[in-house]
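Below: one structure, written as structure tokens.
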Amino acid sequence: MMTTDADCVFCKIMAGDIPSHRVLDTEDAYAFLDIAPLASGHTLLIPRRHARRMEDMTPDAAASLARHLPTLVQAIMSATGASGVNILQNNGSVAGQVVDHVHLHIVPRRDGDGLGFRWNAGTYAAGEAESLLERIAGYLETR
Ligand code: AMP
Ligand code: ZN
């Protein structure tokens, strides 16, 4: 299985071909400061093994990546004085993914920092949630 992609900017960062501000470096994961931070301390956590999107990862690979989050979040909050973080993963170009190597954004948050989403919450029509659940559960049953 391919573990790096010669054209991938994040694989190049891990190979040392592109410089980065390294935050964490382990056998299975790497974290570094985002070059265009939404806030000071904005960090990207990535798997060492190249995967384009979350659904391309094995469950074990996803779990190995996520296990670094608690300590990393503590370190970033302690270093920045942030009182919270947003953990985001833009999955697919329609969701804002620009770099095709899975990455978790950890964005430090402070009161009044002005960051935010347009969170256009909606509602379900009658029966819509039930038929949706049927399709999701049906898919999961075939796995
Ligand atoms: P996304 O839109 O979720 O794919 O986010 C890609 C992120 O990678 C953006 O926040 C960029 O600022 C960041 N980025 C791109 N190139 C580099 C780089 N060479 N070093 C650090 N961060 C980078
Ligand atoms: Zn890559």
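The values are calculated or read from the model by the stated rules, or taken from the named source; none is laboratory data. Here the structure is a predicted model, which means the values were calculated and not measured. Every residue, glycine among them, receives a Cβ derived from its backbone with ideal geometry; neighbour counts consider all protein chains shown. Surface areas here come from the heavy atoms of the whole protein model, side chains and all, with no ligands, DNA or RNA. Shrake-Rupley method; radii C 1.70, N 1.55, O 1.52, S 1.80 Å.
Quick check on the range 1-33: of everything there that is assigned to a strand (DSSP E or B) and open to solvent by less than 50 Å² (accessible area, probe 1.4 Å), which residue is farthest from ligand 1 (Cβ to nearest atom)? Reasoning before the result, please.
Going through the range 1-33, the residues assigned to a strand (DSSP E or B) turn out to be 22-25, 29-33.
Restricting the remaining residues to those that are open to solvent by less than 50 Å² (accessible area, probe 1.4 Å) gives 24, 29-32.
Values: LEU24: 14, ALA29: 15, TYR30: 11, ALA31: 11, PHE32: 6 Å.
Looking at residues that are assigned to a strand (DSSP E or B) and open to solvent by less than 50 Å² (accessible area, probe 1.4 Å), I get ALA29.
Among (1) closer than 30 Å to ASP7 by Cβ; (2) touching a strand residue (DSSP E or B) at 6+ places or on another chain (Cβ under 8 Å); (3) not in a strand (DSSP E or B), which single condition is VAL99 missing?
Every listed condition holds for VAL99 apart from (2).
Kindly indicate whether SER20 is at pLDDT 95 or above and more than 15 Å from ligand 2 (Cβ to nearest atom).
Values: at pLDDT 95 or above: yes; more than 15 Å from ligand 2 (Cβ to nearest atom): no.
Spelling it out, it is not the case that SER20 is at pLDDT 95 or above and more than 15 Å from ligand 2 (Cβ to nearest atom).
Mind counting the residues in the range 96-143 that are among the hydrophobic types (A, V, I, L, M, F, W, C) and either more than 30 Å from LEU69 (Cα to Cα) or open to solvent by 50 Å² or more (accessible area, probe 1.4 Å) (or both)?
Of the residues in the range 96-143, the ones among the hydrophobic types (A, V, I, L, M, F, W, C) are 98-99, 102, 104, 106-107, 115, 117, 119, 121, 125-126, 129, 132-133, 136-137, 140.
Next, only the ones that are either more than 30 Å from LEU69 (Cα to Cα) or open to solvent by 50 Å² or more (accessible area, probe 1.4 Å) (or both) stay: 98, 115, 117, 119, 121, 125-126, 129, 132-133, 136, 140.
Matching residues across the range 96-143 total 12.
Go through the range 63-91 and give me each residue that's touching a helix residue (DSSP H, G or I) at 6+ places or on another chain (Cβ under 8 Å) and open to solvent by 30 Å² or more (accessible area, probe 1.4 Å).
SER83, VAL85, ILE87, GLN89, ASN91
Only residues in the range 3-16 that are more than 18 Å from ASP34 (Cβ to Cβ) count as the first member; pair them with residues that are away from ligand 1 (no atom under 11 Å from the Cβ) and open to solvent by 50 Å² or more (accessible area, probe 1.4 Å), Cβ under 6 angstrom, at least 6 apart or cross-chain, and list the lot.
Sorted first by the residue in the range 3-16, then by its partner, the pairs are THR3/ARG49.
Condition first: among the β-branched types (Val, Ile, Thr) and farther than 19 Å from ALA95 by Cβ. Now tell me which residues in the range 118-138 satisfy that.
Restricting attention to the range 118-138, the residues satisfying the condition of being among the β-branched types (Val, Ile, Thr) are 123, 136.
Once the filter is applied, which keeps residues that are among the β-branched types (Val, Ile, Thr) and farther than 19 Å from ALA95 by Cβ, the range 118-138 yields only THR123.
Just to be sure, is SER83 within 11 Å of ligand 1 (Cβ to nearest atom) and within 17 Å of HIS105 (Cα to Cα)?
Numbers: within 11 Å of ligand 1 (Cβ to nearest atom): no; within 17 Å of HIS105 (Cα to Cα): yes.
In short, no.
Somewhere in the range 77-96, is a residue closer than 18 Å to ASP25 by Cβ and within 16 Å of ligand 2 (Cβ to nearest atom)?
So the first thing to find is which residues in the range 77-96 are closer than 18 Å to ASP25 by Cβ, and the list is 79.
So of that shortlist, the ones also within 16 Å of ligand 2 (Cβ to nearest atom) come out as none.
The answer is no, given that none of the residues of the range 77-96 is closer than 18 Å to ASP25 by Cβ and within 16 Å of ligand 2 (Cβ to nearest atom).
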